[in-house]
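A.B. asks: Could you have a look at this structure, given as structure tokens, before my questions?
Bear in mind that the values in this text are calculations on the coordinates, not laboratory data. Being a predicted model, the structure only gives us computed values, none of them experimental. Backbone-built Cβ (ideal geometry, glycine too); neighbour counts: all protein chains shown.
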Amino acid sequence: MSGGNIEVLVIEDDSTDRFWLEYALKMIAPNYSLSAVDNGQRAVDFLLKRGEYAEAPTPDVIFLDVHLPTLDGAEVLRQIPDARDLPICVLTGSEAERGLFEREFGIEGSNYIVKPVTRESLLESTHCRQVSRVMPEP
């Protein structure tokens, strides 16, 4: 966190889902900077600080959609060294992939958020709480 600002990275290709996530974030986190990418390859480039993302901020929390163009969410994480250490919140429309993300990447249940994202689902997320020094308690 830089100067009390939470650095948030949203990896989501659906503009409606991104809108609801940003709406929920505004309700609980008054001080955040948002970066967004809309496909898996851009997500990898952002996280590895390659190309146009060479100066990208290091996110305090990452919201990763499961179903993305070019590379899906699991493929994105497979390309990132030490992906298990990233503050990932998986975004999805179903519970179907929960086991894969828990086994392969150690993403706990509370960091697996079924869309649409709500204020409550964000506050239940362990990673959101870890960076929530400026967020109110649920």
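A.B. asks: Relative contact order of the chain, please, whole-number percent, based on alpha carbon pairs below 8 angstrom and at least 6 residues apart. Let's see the in-between values first.
C.D. replies: On the way: 226 pairs, mean separation 37.2, N = 138.
Result for the chain is 27 percent.
A.B. asks: What does the charge count around LEU100 come to, taking other residues whose C-beta lies under 14 Å from its C-beta (Lys +1, Arg +1, Asp -1, Glu -1)?
C.D. replies: Within the 14 Å Cβ shell, the charges total -3.
A.B. asks: I would also like to ask the following. Have a look at GLU124, GLU52, GLU108 and tell me which one the Gaussian network model of the chain (Cα, springs below 10 Å) gives the largest fluctuation.
C.D. replies: Comparing GLU124, GLU52, GLU108 in the GNM, the peak value goes to GLU52.
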